[in-house]
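The values are calculated or read from the model by the stated rules, or taken from the named source; none is laboratory data. Since the model is a prediction, treat every value here as computed from it, not as a measurement. Neighbour counts are summed over all protein chains in view; Cβ atoms, including those assigned to glycine, are modelled from backbone coordinates with ideal geometry.
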Amino acid sequence: MTIKLSQCFIAVDDHDKALAFYRDILGLEVRNDVGFEGMRWVTVGSPAQPDVEVVLEPPLADPNASPADRQAMAELLAKGLLRGVIFSTDDCDATFERIRSAGGEVLQEPVDQPYGVRDCAFRDPSGNMLRFTQRRTG
């Protein structure tokens, strides 16, 4: 039996701003951008991983959420308190410079971590923390 990651979700409050960041700055390709019944299904992914997609989904998309839950999710997203993702890169410093020079909000400059990676961190336009890691050799 084989189990592999197919999709993961990142909460976004504006699909167009998210696409400008994930597509235009990070270089991910748009896999889906489909409207249906007032909703929008948007997925992006790395050309190097054609079988893995990141779903850019509004945190309020759950039709079963109560008004209080919807408000709580919107507040958490606005504060940047929802979990983001960790991307791997073969050059942390070059990735950092590309995102920083494109206007990305820096949370952490590249640093060697004691657990064997060099990483940096940014916020996306919705406030999610995104880390970019490079495995250290030796």
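Quick notes on this one:
- Residues being over 18 Å from K17 (Cα atoms) and either surrounded by 17 or more Cβ atoms within 10 Å (Cβ to Cβ) or in contact with a strand residue (DSSP E or B) (Cβ under 6 Å, 6 or more places away or on another chain) (or both) - total across region 114-126: 5
- Residue count for region 76-109, restricted to those that are crowded, with 19+ Cβ neighbours inside 10 Å and part of a strand (DSSP E or B): 0.
- Those residues of region 39-53 which are exposed (fewer than 14 other Cβ atoms within 10 Å of the Cβ) and closer than 14 Å to D14 by Cα, in sequence order: M39
- Within region 33-47, the residues that satisfy the criterion of being at pLDDT 95 or above and in a loop (DSSP other than H, G, I, E, B) are S46, P47.
- In region 54-71, the condition of being surrounded by 13 or more Cβ atoms within 10 Å (Cβ to Cβ), under 23 Å from F132 (Cβ atoms), modelled with pLDDT of 95 or more and of a type in the set (D, E) is met by no residue.
- Here T95 fulfils each of the conditions (1) at pLDDT below 95; (2) polar (S, T, N, Q); (3) under 16 Å from the mean Cα position of the chain (by Cα) apart from (1).
- For region 1-32, a residue qualifies if it is among the polar types (S, T, N, Q) and either in contact with a Phe, Trp or Tyr (Cβ under 8 Å, 6 or more places away or on another chain) or part of a helix (DSSP H, G or I) (or both), and exactly one does: N32.
- Meets criteria (at positive phi, over 14 Å from the mean Cα position of the chain (by Cα) and of a type outside the set (D, E)) for G80: no
- In summary, Q71 fulfils each of the numbered conditions (1) among the polar types (S, T, N, Q); (2) part of a strand (DSSP E or B); (3) over 16 Å from the mean Cα position of the chain (by Cα) with the single exception of condition (2).
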